Every structure is written in C-alpha cells, then in structure tokens.
1. Which count do you get for residues in the stretch 430-458 that are closer than 22 Å to TYR215 by Cα and either among the small types (Gly, Ala, Ser) or modelled with pLDDT of 95 or more (or both)?
2. Name, by its number, the condition in (1) modelled with pLDDT of 95 or more; (2) out of contact with any Ser or Thr (no Cβ under 8 Å at 6 or more places or on another chain); (3) surrounded by fewer than 18 Cβ atoms within 10 Å (Cβ to Cβ) that does not hold for LYS152.
3. Can you name the condition, by its number, that VAL22 falls short on among (1) of a type outside the set (Ser, Thr, Tyr); (2) modelled with pLDDT of 85 or more; (3) within 29 Å of HIS146 (Cβ to Cβ); (4) surrounded by 11 or more Cβ atoms within 10 Å (Cβ to Cβ)?
4. Take the stretch 27-45 and flag every residue that is within 34 Å of the chain's Cα centre (by Cα) and modelled with pLDDT under 80.
5. Just give me the residues in the stretch 221-278 being among the hydroxyl-bearing types (Ser, Thr, Tyr) and farther than 30 Å from GLY198 by Cβ, in sequence order.
6. May I ask you to list the residues in the stretch 29-50 that are in a loop (DSSP other than H, G, I, E, B), β-branched (Val, Ile, Thr) and under 24 Å from LEU286 (Cα atoms)?
7. Out of all the residues in the stretch 462-482, is one or more in contact with a helix residue (DSSP H, G or I) (Cβ under 8 Å, 6 or more places away or on another chain) and surrounded by fewer than 19 Cβ atoms within 10 Å (Cβ to Cβ)?
Amino acid sequence: MIRFVVLISILALTACHPSQKVIKQVNQLTQIKKDKSLKCPATDITLCAIDTPLSTLYQSSIQNKQDHVTLLDNGEESLLIRLHLIKAAQKSIDIQTFIWVNDEAGHLVLAELLEAAKRGVKVNIIIDQLFSMGNSWFLAELATLHENFTVKMFNPTFNEGHTSAFDFFSALACCLSNLNRRMHNKLFLVDDKYGINGGRNYQNRYFDWDEKFNYRDRDALAVGMVAQQMKQSFNHFWQSPWVVPVENLDDIVYRILNNQENKSSWLMAQKPKAVQLNIKAFDYKLMEKLFVETAIAVDGVEYFSDSPEKLFIKNRETKKKYKQMSLKIKELILSAQSSLLMQTPYLVLSKKAYKSLKSLHKKKPNVDITVSTNSLSSTDAFYVYAISFKHKKKYLKNIGFNIFEYKQSPNYKTQMFGEEFANKDTRFGLHAKSIVIDKNISLIGSHNFDHRSDVLNTESGLIIESKSMSELLTKKIKIDMLPGNSWTIAANKKIPVLSFFSGLIANVSRSLPVLDIWPFRYSSSFQLRQGKKSLPTNHPDFYKNYKNVGSFPDVGLSSKQIQTIMITYFLGFAEPFM
C-alpha cells in the first residue's frame, strides 16, 4: 500500500512538467521581466568598479609566474574580502556553493551581486538544490532580477527549485541514489583573476554572524594563473546537463507565469554590523593590510575539482578521470614521509581512505598522523559522529591516529569569533577541511575525506606547494587542538585481564552493522589537568597528566546523546549515506 501511494505521488509530480513550448514562453517572459538598466556607461563599465590592491598582487603573480595565496581563517574577514571583490569586479563573478541561505549574510552578498550586475558585470551562480534559497517565490525573483544576473541549480529533485518535505520523503522512498548526488564545491571567482575556495557556504554561521552556532571554517584566496583552472572547472559545471536554469524548473515556471515573484527590499536598511562591514569593503589600505600583506608567494598551486560526470557516469574506469579531487587526496596521503596533519568536521573515513591510511601506517609507521575533528558537543551532525564513535578503536590502533576533538565552547572563542558571540549560549563547531603533508604541501577545500565526499558529492580544493603556507596552516590547526580548545582522544587505561576479554568482545561488536551493543569502549576523551604538561598519548605519564572526562564531555544525557548511542548500536549499516 505504501509503495502504491509513493508511486502515485511520483507520477503526480512528474506528470505536470511544463512542455517545451511553455518553457520557451517562460524564458521569453523571464527576459522581458529582467531589469536591463545599467548604472555605468556600457562602453566602459570598469569606471564604476572600486580600486583593489589585489590588482597589484595579480600583476606581480603574472609577471613573476608565481601565484599568491592568502589564508582566510576569520569568518567576518572572509565575508569582507568577498564584498570588496564584488565591488571591484570589472567583468565577471562566478560562484558555486552547496548552501545559500537568505539570512543577513546571504542577503547582503546577493544585494552586492545585484549592484555589480547593474554596473554591467556578468554574475553567474550555481547552487546545489537541496539546501538553498528557501522557497520558490524567492527563486522566481532571482530568476527575473537583472539581465546580467543568472542563477542555475545542480541536480534539482523532481525538476523543482524548492524541495518540500513531501518531495524530500518521496525522493527518499523512490530515488535515494539521485537525491544523494550533490554538488559540494565552493568557488568564488572574480574577473578570472581572484579566486576563493574552501569550506564556507553563504549563511550567517559561516561568517561568525550567528547568535546560536558558528563554524570554525577556512578558505584560501588565490591570485594569479590558478584562476584560469577555476574558470575552466566552473564552465564545465555551467554547461553541464545536470545544471539547470532556475526559470526552467517546474515550480519556478508556475511562479513566473503567474507573476508570483517575491519582492525583496534590496536597498533595505541593514543592521549595524552589515553597514560597518560594507563601509570597510571600500577601505583600500585595510584590504591591503589584511589580504595583500599577508599573501604568500607560493612555489606552486593547483585547483582540483571533481566533474559533475563523477556522480552520473556508471562505468568505473571512465568515472576515474572525473574524480580529480578524491584521487589527488589519495595520492597526497600515500606520499607522506614524516607527517600528515588533517582537519575535518566528520571523521568517518571511506573504505578507500581507510585502506590508504592503514597501508601508509603499515609501510611507514614513523609517519605522524594527527587529526583535528569535532566532538559530539561541537558537531552539527550527531548521526555522523555516531559512526565515527563506532570506529574510534580502528582509527587509534590500526592507523595510529592522534585525535583531537573540538569543544563547543573553546577557550579562544573571543579571539577567534569576536566578543559579540563569545557567550555561554553560542556553540561553535569545526567546518574546516585541510591537510598538511610533510610540512610542505597543503590542501584547503571542500572535501571532508569521507565516503560522501569520495562517492556522493563533487568536491574541490587548492593544492599548495609552499613551506611558508604549510607552517602557517599547521600553526592554525595546532591552536585548534590546544587543551583549552579540544579534548585529546586516547585509549582507556587498561585493567589487567578484564581489558583483554572486553577488547575481544568489543572487536566482534564493532564489526557488526547492527547490534553493536557492547557498552565498554576502547577509548575516551581526556582533558589536561591544571598545571600539568601536555604529553603524547603513548607517554608513560599520560594518565597522570590527563583526566578521563568520558565519551561525551560537555553533553548532558540529552536526546542528542541518546540518539548518538542508538545510531552507534543499531545503524552502522547506514554509514555509506552519512
């Protein structure tokens, strides 16, 4: 009966697709509705763009054939450079993102992009469909804003712009494979000269502006020849059959035909922080200080991106050439000779990643492998943490991981996130995705090093060859791992005989996809005792210097903890979908 209802629902959804004649009519109507006015002379739109100190950096990169990279670790500064570059754009702005929420930060960026379009700059945006823009009325408005402003959507479920709860559960029932295919790339490219890549989407929490939860995230600004690689990747997606103009989606077609576009106030009075940041974006000297003087001339930088075909081509051999990011990461991991430092929000390794790291540990046991990741208290996805929790013993014992789990209220929150949100009511969590290999090669991008990133998402990242950048990135990650900001994960202190037999039973229990119910865990979270010295987990005095604070520190017996335990016990089989 349930299958019949689902089938009828799907047929109803697909039966009302507009015909090609209607699509043509809507495209014509969309063009008519679009604003065509320009605030700048069409003969020279560059007259209205502000000057940017990054242009000098670009000229230096081209002349010396050596690109520059600036690390963007601060959320608000990462938003600031985006606003500045939008104002400085002379020809084009290309953006790819997984999430775009129309909150204060998201709306501010859209408003600036609209202003750029009105100057004559071509603004092209690709958003993933699942978590972006909120509703079909708003998407219809974006489709009809300006002739220089174009939005496309990746892999829209049932060819609709907005995924309702009904659509979502229908897709889960019938088309989970297609629903799971997502574009996770994050790219911000201006004038084919300046490109930003990393972990940030467009929402308050990615720029330290949320009152309840903010991300510790990371981007990198690359200036120079690498921008051409970014452009090539963007064009590949833009021309892909899986990237659809929003005005061609069923629910948006209906809104446009019936004049049901949202009417946003793009010039509305902004909150003080948005106004102040907008003013700062005009400050040439400040931009020079923050983003030019901190830029590093790197020995080499490449932009790697999976192609959309990765998710839709079934032939395994053919598929390999489209998995550029995943294959490059595997290559980098196996190349490590002395150290591998990783930072990821979700420590759930894919089978291939696990095998690669296990092989690395076996062949090169002296390679130090350190991981910075979320604790249950700081994560935004407790169900993913549950799977990570299940595999802690494998990660610690079989691969030799040194694991540090981020706290939801780190000691440096005032310094890192600003005084406004450094209070007991605001949580913080890791969202940065980075690797440093042998203190010389760095990766900054969108890849979480998990099964979803390997198989179900398209991903992108910058591979940077530079000792200076590697040292800087290592320093930033190590600050995140300090005892005041993270807990140390280590094996529980052994009890003679009892620990041996408990370990045998636990090994069997952890290997089961369901009924992993043995309650005694191999590891726990540890906190450095006051006045004691930090030590590695294999040091004989480790347990003297560190206090065992349990599996889920800073989390009460809440529904989140209970659900995490239940998923660990009974839903291990769902790991490939998380």
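1. 13
2. (3)
3. Only one criterion is unmet by VAL22, namely (2).
4. ILE45
5. So the first thing to find is which residues in the stretch 221-278 are among the hydroxyl-bearing types (Ser, Thr, Tyr), and the list is 233, 240, 254, 264-265.
Residues satisfying the conditions are TYR254, SER265.
6. Within the stretch 29-50, the first condition is being in a loop (DSSP other than H, G, I, E, B), and the residues that meet it are 34, 36-44, 49-50.
Filter once more, so that each one left must be β-branched (Val, Ile, Thr): 43, 50.
Answer for the stretch 29-50, where residues must be in a loop (DSSP other than H, G, I, E, B), β-branched (Val, Ile, Thr) and under 24 Å from LEU286 (Cα atoms): just ILE50.
7. No, there is no match, as no residue in the stretch 462-482 is in contact with a helix residue (DSSP H, G or I) (Cβ under 8 Å, 6 or more places away or on another chain) and surrounded by fewer than 19 Cβ atoms within 10 Å (Cβ to Cβ).
Okay, residues lined up against (1) of a type in the set (Val, Ile, Thr); (2) touching a residue at least 12 places away in the same chain (Cβ under 8 Å); (3) surrounded by fewer than 18 Cβ atoms within 10 Å (Cβ to Cβ); (4) outside any loop (DSSP other than H, G, I, E, B):
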{"position": "THR52", "(1), (2), (3), (4)": "yes, yes, no, no"}
{"position": "TYR58", "(1), (2), (3), (4)": "no, yes, no, yes"}
{"position": "LEU71", "(1), (2), (3), (4)": "no, yes, no, yes"}
{"position": "GLU77", "(1), (2), (3), (4)": "no, yes, no, yes"}
{"position": "LEU85", "(1), (2), (3), (4)": "no, yes, no, yes"}
{"position": "ILE95", "(1), (2), (3), (4)": "yes, yes, no, yes"}
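The values are calculated or read from the model by the stated rules, or taken from the named source; none is laboratory data. Note that this is a predicted model, so its numbers are computed, not measured. Positions of Cβ are generated from backbone atoms using ideal geometry, with glycine treated the same way; all protein chains shown enter the neighbour counts.
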